[in-house]
Amino acid sequence: MSILFFCQGDDGQVLQAFRQRLPDHDIIDWNSASALAAPEKITAAIVWMPPDDFFDKLVALQQVYAFSAGVDHLLQHPGLPEEVTIIRLQDAGMSQQMAEYALYGTLHYQRQMGMLRKAQQDAEWCRDVKVRATADTGVGVLGAGALGLQVATKIALNGYPVSSWSRSARPSPDGRVSMFHAEEGLSEFLAGSQVLVCLLPLTEATRGILNRQLFEQLPRGAFLINPGRGDHLNDTDLLTALDSGQLSGALLDVFSTEPLPATHPFWQHPDIIITPHVAAQSLTEESVGQIAANIEAIDRGETPSGVVSRQSGY
Ligand code: NDP
Ligand code: OXD
């Protein structure tokens, strides 16, 4: 039984870590000349952004391990076999990074760093800063999963009133986070979110959710943080909301097309901060350890954790 490996951007370090962690498994590098010498022996694959022909010859494939938390790239892959089990990363060291990212954006909004930065560019000593108390700066986190719930909790520990929104009802961790769910909970959740963080998976239900109708339900001048996926956002609606003042700014990590094309209006917009899909990166040790533990669980006939529901898309 062999495992085929392809993680876009890996310089060999992740592949090597898998080989060290799983010495009894044959881990094949997709980029090697003999990768598909015996495709009938390949029962599992570890992937991030596999090429279009990746699955074509894998007739015995049973599991695909995503080297990522999100699996939208995989579910949209044209060659993904229907019957294989997809297993994703859960947190694996990403929630701490994501909480730092969201806190950075929250502070940017609360301490009006965008306005101060513009004043600096004009050498203007601008002391016209309105105090926004932490207790009056509501942060709303869309998604209460492995990342969203940790992000909400960590931001709440800094004194912000934090709300979270998910598909199904969930208990509040430590009672610190106000929980909302489903369509009926969305308006009230949004009304209290001066800062909105999107940590939803990209599914048919969430595609384009960050749109004009949603922005209009936020308090005027709200700030958007999107480390979810680029296709959650309607780019034109964001630009319109910034022009009208309904939103005061945005911190964006993910885009419909990545890398973001040089001609995209987001690059030059004074109220948009862009980061290149680095809000939370897969940490080698944690991610390899989690996937290896799942591979070993399957070897023992146990159920792995992080199995994706094809029906819900996450
Ligand atoms: P999870 O699957 O653990 O959590 C998803 C959450 O979203 C759940 O709370 C779920 O609700 C909720 N949700 C899903 N669909 C809906 C819906 N239609 N309406 C309301 N809530 C919904 O995901 P993770 O927390 O692990 O990751 C979230 C996303 O973060 C990833 O899919 C990926 O896109 C992004 N990401 C980005 C990174 C970056 O660097 N920019 C790094 C890592 C992840 P319920 O609890 O009811 O199931
Ligand atoms: C992920 C990502 O989903 O890096 O893990 O975006």
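The values are calculated or read from the model by the stated rules, or taken from the named source; none is laboratory data. Keep in mind the model is a prediction, meaning the values are calculated, not measured. Cβ placement follows ideal geometry from the backbone for every residue including glycine, while neighbour counts extend to all protein chains displayed. Surface accessibility is based on the protein's heavy atoms, side chains included, excluding ligands, DNA and RNA. Shrake-Rupley method; radii C 1.70, N 1.55, O 1.52, S 1.80 Å.
Peptides 238-247, 100-109 ranked from most to least packed by the mean count of surrounding Cβ atoms within 10 Å: 100-109, 238-247.
Expected output is a single nm value to one decimal: the length gained when fully extending between Glu82 and Thr257, i.e. 0.36 nm times separation in residues minus the C-alpha distance. What is it? If you can, show how the numbers build up before the last one.
Working: separation 175, 0.36 × 175 = 63.00 nm, distance 2.60 nm.
Separation in residues times 0.36 nm, less the Cα-Cα distance, equals 60.4 nm.
Can you find, among Gly249, Phe18, Gly228, the residue farthest towards the positive end of the dipole of the chain? Put +1 on the C-beta of Lys and Arg, -1 on that of Asp and Glu. About the Cα centre, the residue reaching furthest to the positive side is Gly249.
Using the rule -39500 (n - 2.57) for each DSSP H run of four or more residues, divided by the residues of the chain, the 222 nm mean residue ellipticity is -8000 deg cm²/dmol. Between Lys130 and Arg176, the modelled labels are 2.8 nm apart [label points 7 Å from Cα along Cα→Cβ]. Report, to the nearest whole %, how much of the accessible area of the chain belongs to carbon and sulfur atoms, 1.4 Å probe, protein only. The C+S portion of the solvent-accessible surface of the chain is 49 percent.
Determine the relative contact order of the chain: mean sequence separation of Cα pairs under 8 Å and six or more apart, normalised by residue count, in whole percent. All intermediate terms of the calculation are to be shown ahead of the outcome.
Values: 559 pairs, mean separation 50.9, N = 314.
Here the relative contact order equals 16 percent.
Annotation: Lys130 carries an accessible surface of approximately 140 Å², with a 1.4 Å probe and no ligand, DNA or RNA atoms counted. Note on the chain: with a GNM built from Cα contacts shorter than 10 Å, the maximum mean-square fluctuation among Gln281, Gln120, Gln20 falls on Gln120.
Summing Cβ point charges (Lys, Arg +1; Asp, Glu -1) relative to the Cα centre of segment 163-314 gives a dipole of roughly 220 debye.
Hey, what's segment 12-99 come to in accessible area per residue, 1.4 Å probe, Å²? Intermediate values should be presented prior to the final figure.
Numbers: 4050 Å² over 88 residues.
Per residue, segment 12-99 has an accessible area of 46 Å².
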